[in-house]
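Just below is one structure, and these are the notes that go with it.
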Amino acid sequence: MSLSLTEISGGSSHNVTPQKCKITVDIRIPNGVKCLEVLDSLDRSIKNISGIRKLKISYRIEDMTEPFEADHSSRLVRALSLSILDICKVRPLLLRKTGTGDMNVLGNSLKIPMVTFGPGESHVSHSKDERVEIQSFLTSIEIYNRALFHTSRLHHNKKDIGTK
């Protein structure tokens with residue numbers, strides 16, 4: 001699990017000790033851990049700190065989205081991997097991203113296979129250096145097109161590769 005302080009505000013003047021402080025903490029939960037487990041631990045820690053320090057601490061949860069991880073052996077992952085191999089001539093590297101997106105929400109609620117793929121460099125996502133090269137964007141279109149072919153092919157041949 002990772003926690004990151006992403007926003008902080010407080011005080012009314014540069015020469016006055018603030019009476020209040022408001023923070024936003026982004027918590028990334030690994031697969032296999034439930035949001036309620038993290039919330040229970042957080043709640044115990046806050047109560048402990050507020051008791052020891054004699055502070056009034058309140059919090060609210062803006063979003064609770066359970067982690068989701070694609071089944072690496074699913075036909076969808078296989079189809080996308082094959083299409084990347086076909087188009088780019090390299091074996092794709094599966095990454096574990098810990099953010100929240102459509103994959104978490106839809107994969108968990110609909111119980112369907114999901115993958116996330118797109119152009120650009122994942123290590124600069126949501127940063128000031130985020131960018132997508134035009135050729136990378138065009139290549140991703142080819143990959144998606146080829147993935148549709150492989151998805152159809154693998155779906156119709158499911159008896160040969162299992163039922164995933």
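Of 47, 54, which residue is closer than 30 Å to residue 99 by Cβ and of a type in the set (Lys, Arg)? Step by step, each of 47, 54 is checked, and only 47 is closer than 30 Å to residue 99 by Cβ and of a type in the set (Lys, Arg).
Beta carbons closer than 6 Å, at least 6 apart along the sequence or on distinct chains, pair a first residue in the stretch 121-148 that is in contact (Cβ under 8 Å) with a residue 12 or more places away in the chain with a second that is surrounded by 11 or more Cβ atoms within 10 Å (Cβ to Cβ) and of a type in the set (A, V, I, L, M) for 142/87; 143/84; 143/87; 146/87; 147/79; 147/80.
In the condition set (1) within 30 Å of residue 156 (Cα to Cα); (2) under 18 Å from the mean Cα position of the chain (by Cα), residue 75 is compliant with all but (2). Just one of (1) farther than 30 Å from residue 106 by Cβ; (2) surrounded by fewer than 11 Cβ atoms within 10 Å (Cβ to Cβ) fails for residue 61. It is (1).
Conditions: (1) exposed (fewer than 11 other Cβ atoms within 10 Å of the Cβ); (2) in the same structural domain as residue 156 (by TED's automatic domain parsing); (3) among the hydrophobic types (A, V, I, L, M, F, W, C); (4) more than 23 Å from residue 145 (Cβ to Cβ). Residue 112 meets all but one. Number of the miss? Looking at each condition in turn, residue 112 falls short on (4). Residues that are in a loop (DSSP other than H, G, I, E, B), free of Cβ contacts under 8 Å to residues at least 40 places away in the same chain and at negative phi do occur in the stretch 28-41.
Residue count for the stretch 82-109 under the criterion of being under 12 Å from residue 143 (Cα atoms) and surrounded by 14 or more Cβ atoms within 10 Å (Cβ to Cβ): the result is 7.
Output the residues belonging to the stretch 80-115 that are part of a helix (DSSP H, G or I) and small (Gly, Ala, Ser). Correct list: 81, 83, 107, 109. Every residue in the stretch 115-136 that is surrounded by 11 or more Cβ atoms within 10 Å (Cβ to Cβ) and aliphatic (A, V, I, L, M), please. Those that are surrounded by 11 or more Cβ atoms within 10 Å (Cβ to Cβ) and aliphatic (A, V, I, L, M): 115, 124, 132.
The values are calculated or read from the model by the stated rules, or taken from the named source; none is laboratory data. Just so it is clear, the model here is predicted, and its values are computed rather than measured. Ideal geometry is used to build each Cβ from the backbone, glycine not excepted, and the neighbour counts take in all protein chains shown.
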